[in-house]
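I'd like to ask you about the structure that follows.
The values are calculated or read from the model by the stated rules, or taken from the named source; none is laboratory data. Source: prediction; values computed, not measured. Every residue, glycine as well, gets a Cβ built from its backbone with ideal geometry; the counts of neighbours run over all protein chains shown. With ligands, DNA and RNA removed, areas are computed over all heavy atoms of the protein, side chains included. Shrake-Rupley method; radii C 1.70, N 1.55, O 1.52, S 1.80 Å.
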Amino acid sequence: MMNASIDLLRKMPAFGGLKPTSLELILNQSEAIRKETGETFFCEGERGDRLFVLQTGQVRIQRKWQGNAIKLGTLGPGDCFGEMALIDFQKRSATVMAECSCQAICVPASALALLYRQDVEQYAIIMMNLGREVSRRLRLADNRLFELVHRHGQGDTIGIPEV
């Protein structure tokens, strides 16, 4: 079981470049969890102290808007979620719900803290990988926003502050 989980993590961008010993350390601090259709991994606004690696199934990412749940996207096997809260120490920005029976590896922040204490270089690699994943998702969101704004003819006046 451990070897299969190490192989899964090794194939994922978030864990790419990590040594097998680092992956084993992370997995030894993690737990396998199961969620059934409609169950949540976490809810928008909750404190975030873990990330999840989806082994099987599909999850729905959603946010509340004016009392309604708005679907932002879906993730499948091999994807990770919950990483933003480990990077920026903010509350969860969305709810993640199982769309079918799912199995995931739950990686607590304490596992990454232990990795930091034992091998700061390996910790830096995983944090850079998570940053890249967040950046990739931000680019997708930027493209969606750009298409939406231009499809509705609002040009360059969408109320986003300049950076």
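Does Glu24 satisfy the condition of being over 14 Å from the mean Cα position of the chain (by Cα), surrounded by 14 or more Cβ atoms within 10 Å (Cβ to Cβ) and under 21 Å from Ala109 (Cα atoms)?
Judged against the criteria, Glu24 is a match.
I would also like to ask the following. Just one of (1) open to solvent by 20 Å² or more (accessible area, probe 1.4 Å); (2) touching a helix residue (DSSP H, G or I) at 6+ places or on another chain (Cβ under 7 Å) trips up Asp79, so point out which.
So Asp79 meets the others, but not (2).
Evaluate the range 77-93: report whether one residue or more is within 25 Å of Leu138 (Cβ to Cβ), in a strand (DSSP E or B), small (Gly, Ala, Ser) and under 16 Å from the mean Cα position of the chain (by Cα).
First, the residues of the range 77-93 that are within 25 Å of Leu138 (Cβ to Cβ): 77-93.
When the remaining residues are screened for being in a strand (DSSP E or B), the result is 80-81, 91.
Next cut, small (Gly, Ala, Ser) only: none.
No, there is no match, as no residue in the range 77-93 is within 25 Å of Leu138 (Cβ to Cβ), in a strand (DSSP E or B), small (Gly, Ala, Ser) and under 16 Å from the mean Cα position of the chain (by Cα).
Shifting gears a bit: For Val134, which of the numbered conditions (1) of a type in the set (Val, Ile, Thr); (2) without any contact (Cβ under 8 Å) to a residue 40 or more places away in the chain; (3) closer than 26 Å to Gly16 by Cα fails to hold?
Condition (2) is where Val134 drops out.
How do the pairs read when you match residues in the range 12-25 that are in contact (Cβ under 8 Å) with a residue 60 or more places away in the chain with residues anywhere that are of a type outside the set (Ser, Thr, Tyr) and open to solvent by 60 Å² or more (accessible area, probe 1.4 Å), using Cβ under 7 Å and keeping only pairs 6 or more apart or on different chains?
These pairs meet every condition: Pro13/Arg132; Leu25/Gln118.
Counting only residues that are farther than 19 Å from Arg60 by Cβ and in a strand (DSSP E or B), which one in the range 106-124 is most open to solvent (accessible area, probe 1.4 Å)?
Of everything passing the filter in the range 106-124, Pro108 is most open to solvent (accessible area, probe 1.4 Å).
With respect to Glu39, determine if the residue is farther than 30 Å from Lys19 by Cβ, of a type outside the set (S, T, N, Q) and open to solvent by 20 Å² or more (accessible area, probe 1.4 Å).
The answer is yes for Glu39.
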